[in-house]
Amino acid sequence: MTKTVSAEWRVKRLGDVAKVIPGFAFKSKDWCKEGIPVIKIKNIVGDLSVDTVEADCVPHDLLTEKIRKFVLDDGDILVAMTGATAGKVGRLRCKRPHLLNQRVAKLAPYDVDPFFFWAVVSSDEYQGRFFKLADGAAQPNMSGGQIEGVELLVPSSTTQRKIAGVLSAYDDLIENSTRRIAILEEMAQAIYREWFVNFRFPGHKTTNLINSPLGKIPEGWKIVPLADKLTLLETGSRPKGGVGEIKEGVPSIGAESIMGAGKYDFSKTKFVPIQFFERMRQGLLCDRDVLVYKDGGKPGYFIPHVSFVGSGFPFTEMAINSHVYRLRAAPPISQEFLYYHLSSDEMLHWMHLHGTGAAIPSIARKDLERLPLIVPSPEISRQFTEFAAPLLTQILILARQLKNLRHSRDLLLPKLISGQLDVEELDIDDGELLVEATT
């Protein structure tokens, strides 16, 4: 299917096929906790998504006719114009309108298939082109006019739709797997909260509550320091001088990759030489290990994350570096219970409060060891593990499928949008067949 670019492909300026709409300069006095969410640079997170959870707001009465052109809806394409994420592109997914802040631009396609346009501007190549426009070394910055001047290779509308059809098939599968992971994770977290926060576990109606350092807990349960129920708490190591950019060896998981049980960022995996791995005395991962983000983040601000290793991970041998803790629990505490306890909102908040260090914020080993752990009865612990273990296994299997889907899409994308891969003879309804053939 590969060939030279057809004569039907034309070079056009981005501004010829899409409007570039920079955001509005809201005043500092306008910001509030509730109202209309506003998308800022910080919300373009760099993984083709837009973070709406941490969006700041402005009052509803600020939405005048002058401001309406900056209203954002589900599916809008945004690009960061300033700062460390300059050039990064994201697609907004939301159920209610948002507003666009200054230094973020909306790219609104009008003379090009919107799904084809999204495929082009979201590619690594074009995000790199956008970043090169940001010519300030200390504070990268680009203008709307510069974005409009970026050149695109645009085929006929029929070819655009076919390319969009292939990529949309990938996107649908990716979105479906992502949604299934979220549902499974919510199910397990909901049961954890119902049983171990609200104490509505099987048999709770006949169980008395007693006093504890954390308030009332069921009779027969205990609150102990985490260290009392661990058989292992260690960090890993890395070669002198760092891991470099080697592409082969043994995967070494760092803090930048820890995002949750089904949210491990495989794209950021780094590797250590096999010889170094064979000499490592600690930090060698085993099935169902629990990992805790140890340090990093913004100066003076520690953002903890917890992850879970198990069947479904794409690597048979793995290690951690010195920025990650590896934990294993002692019975009756299972690895599944340990994961959901540490990743609960209460415990993440506890770790955040105890994170120290201005230059490199972190959670010290001694602080992690004294984190409060609720120890239920062995029977309740067993019942929870029987429920949570299959869910976590399925989450990790889906996470591996997501990695493969994204990898295949990333390989196809540059060939499709450059015309190197011919889709002219492809029936538009066969897009899913091409996806199946490449995954």
- prompt: In the set [x] 74, 56, 46; [y] 87, 54, 45; [z] 98, 51, 46, which value of Cα extents along the principal axes in Å was calculated from the structure you see?
  reply: [x]
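Measure off, as a whole percent, the carbon and sulfur share of the 1.4 Å-probe accessible area of the chain, all protein chains present. Display every interim value, and only then the final one.
Values: 11480 of 21860 Å².
Using a 1.4 Å probe with all protein chains present, the chain comes out at 53 percent carbon and sulfur.
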message: Restricting the calculation to Cα positions, tell me the Rg (one decimal) and the Dmax (whole number) of region 144-202 in Å.
response: 22.2, 64
- prompt: Working out 0.36 nm times the residue gap between residue 158 and residue 407, then minus their Cα-Cα distance, what length gain in nm do you get to one decimal?
  reply: 87.0 nm
- request: Report ³J(HN,Hα) in whole Hz for each residue of region 368-385, in order, from the Karplus equation J = 6.51 cos²θ - 1.76 cosθ + 1.60 where θ = phi - 60°; Gly and Pro get x.
  value: 5, 5, 9, 4, x, 10, 8, 10, x, 5, x, 5, 5, 4, 5, 5, 5, 4
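Quick one: which of 40/132; 66/95; 229/270; 27/106; 40/403 span more than 26 angstrom between C-alpha atoms? Show your work: numbers first, answer last.
Numbers: 40/132 21 Å; 66/95 23 Å; 229/270 31 Å; 27/106 20 Å; 40/403 28 Å.
Beyond 26 Å: 229/270; 40/403.
Calculate, for the chain, the solvent-accessible area per residue in square angstrom, rolling a 1.4 angstrom probe over the heavy atoms of the protein chains.
Counting only protein heavy atoms, the per-residue value for the chain is 50 Å².
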query: How far is it, in nm, from the label point at residue 68 to the one at residue 209 when both lie 7 Å from their Cα along the line to the Cβ?
result: 5.2 nm
message: Give me the one-decimal nm value for the distance between modelled label points at residue 278 and residue 12, 7 Å along each residue's Cα-to-Cβ direction.
response: 5.7 nm
- line: Between residue 310 and residues 5 or more places away or on another chain, the pairs with built amide H atoms under 5 Å apart involve 288
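Once you have the Cα-Cα distance between residue 415 and residue 190, take 0.36 nm times their residue separation minus that, and quote the gain in nm to one decimal.
Numbers: separation 225, 0.36 × 225 = 81.00 nm, distance 4.31 nm.
Gain on stretching residue 415 to residue 190: 76.7 nm.
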field: Within the chain, helix-based [θ] at 222 nm, where runs of 4 or more DSSP H residues each add -39,500 (n - 2.57), nearest 500
entry: -10500 deg cm²/dmol
- request: Starting from the amide H of residue 209, placed 1.01 Å from N in the peptide plane, find each other amide H under 5 Å away whose residue is 5 or more places distant or on another chain.
  value: 219
field: Amide H contacts of residue 222 (H built 1.01 Å from N, under 5 Å, at least 5 apart or other chain)
entry: 375
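Report the extension gain between residue 424 and residue 222 in nm, rounded to one decimal, defined as 0.36 nm multiplied by the number of residues separating them, less their alpha carbon distance. Let's see the in-between values first.
On the way: separation 202, 0.36 × 202 = 72.72 nm, distance 6.68 nm.
Full-extension gain reported as 66.0 nm.
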- request: Could you check the simple spin-label distance between residue 234 and residue 346, using points 7 Å along Cα→Cβ, in nm with one decimal?
  value: 3.1 nm
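The values are calculated or read from the model by the stated rules, or taken from the named source; none is laboratory data. These numbers were taken from a predicted model, which means no experiment stands behind them. Cβ: placed from backbone, ideal geometry, glycine included. Neighbour counts: every protein chain shown. Note: accessible area is taken over every heavy atom of the protein model, side chains too, but ligands, DNA and RNA are not part of it. Shrake-Rupley method; radii C 1.70, N 1.55, O 1.52, S 1.80 Å.
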